[in-house]
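Asker: Please find one structure pasted underneath; my questions will follow.
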Amino acid sequence: MKKFGLPIFVGLLIGGILSAGYLVWVKSRVVNAPISTQQAVSPVSLVSPTSAPVKLLTWNDPNGFSFQYPEGLVVNKHDEDRENYAHLEFTHPAHPGNVVVWGKDAAKGVSDAASWIKNEKRFIGAAILDTVLGGKPGKKAILEGVTRMLVTGTVFDSIVWTVEAKLEDAEFWTSTQGTMVNTFVFAAPKTSVSESSAEPASTSEDVAVDEEVVIE
């Protein structure tokens, strides 16, 4: 047994040296690797970053309604439209599509959301769901076509109120339309000239936007 002791000891010594050298080599590869490689092997990169709250602005309209919308949207009040109670178009420079808030006189025979949906030909074949807008029973319609549309509306005070999203950027505009619909409130119309729709009273607050199911 004694004559095998020295070779075994030498073998273990050489193996230990090789193992230590290999570990030092692996560590140097990780430290000197490009940042993207280090992030790939770092456990921290596996943790999803927390989304920052989206700042919302409040639109108070003199025609008797209000809602919130994400900061960064561009608003066109369409002052040239003298026929409808509301014609507000919201766009974003980085997201194709839009949301338009309408207030139109109800057609003859239209008294509620159900009769409104039946009265408009564009809803033929559309997926229709029950919903609420401004605390009133409403309908949500998904229109297929060259550009998909998401329309939520109700009938209140003989006026058809709708929030219509053109889903060119489906994820962004579905979420934006959902925020407007969920915060939509009817109120008594304002008569003060200083509070006309030309100068909406907008306030900002940090509110996290509820994520909506994106329509594929």
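Asker: Could you figure out which of (1) surrounded by fewer than 16 Cβ atoms within 10 Å (Cβ to Cβ); (2) within 22 Å of F156 (Cα to Cα); (3) within 16 Å of the chain's Cα centre (by Cα) isn't true of F67?
Answerer: (1)
A quick yes/no check of all residues on (1) within 22 Å of the chain's Cα centre (by Cα); (2) outside any loop (DSSP other than H, G, I, E, B); (3) at pLDDT 95 or above:
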{"residue": "K3", "(1), (2), (3)": "no, yes, no"}
{"residue": "G16", "(1), (2), (3)": "no, yes, no"}
{"residue": "V44", "(1), (2), (3)": "no, yes, no"}
{"residue": "D81", "(1), (2), (3)": "no, no, yes"}
{"residue": "H87", "(1), (2), (3)": "yes, yes, yes"}
{"residue": "V101", "(1), (2), (3)": "yes, yes, yes"}
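Asker: Pick from G97, G72: which is surrounded by fewer than 19 Cβ atoms within 10 Å (Cβ to Cβ) and either more than 16 Å from I159 (Cα to Cα) or out of contact with any strand residue (DSSP E or B) (no Cβ under 8 Å at 6 or more places or on another chain) (or both)?
Answerer: Of G97, G72, the one residue that is surrounded by fewer than 19 Cβ atoms within 10 Å (Cβ to Cβ) and either more than 16 Å from I159 (Cα to Cα) or out of contact with any strand residue (DSSP E or B) (no Cβ under 8 Å at 6 or more places or on another chain) (or both) is G72.
Asker: Right, another one. In segment 51-79, how many residues are part of a loop (DSSP other than H, G, I, E, B) and either of a type in the set (D, E, K, R) or modelled with pLDDT under 50 (or both)?
Answerer: 3
Asker: Could you check how many residues of segment 150-191 are farther than 18 Å from T91 by Cβ, part of a loop (DSSP other than H, G, I, E, B) and within 22 Å of the chain's Cα centre (by Cα)?
Answerer: So the answer is 1.
Asker: Out of everything in segment 106-141 that is aliphatic (A, V, I, L, M) and over 28 Å from the mean Cα position of the chain (by Cα), what residue ends up being nearest to S66 (Cα to Cα)?
Answerer: Among those residues, the one meeting the criterion is A106.
Asker: Spot the failing condition for S115; the list is (1) assigned to a helix (DSSP H, G or I); (2) of a type in the set (S, T, N, Q); (3) within 19 Å of L56 (Cβ to Cβ), and only one is missed.
Answerer: The one condition S115 does not meet is (3).
The values are calculated or read from the model by the stated rules, or taken from the named source; none is laboratory data. These numbers were taken from a predicted model, which means no experiment stands behind them. Using ideal geometry, Cβ is built from the backbone for each residue, glycine included, and neighbour counts are taken over all protein chains shown.
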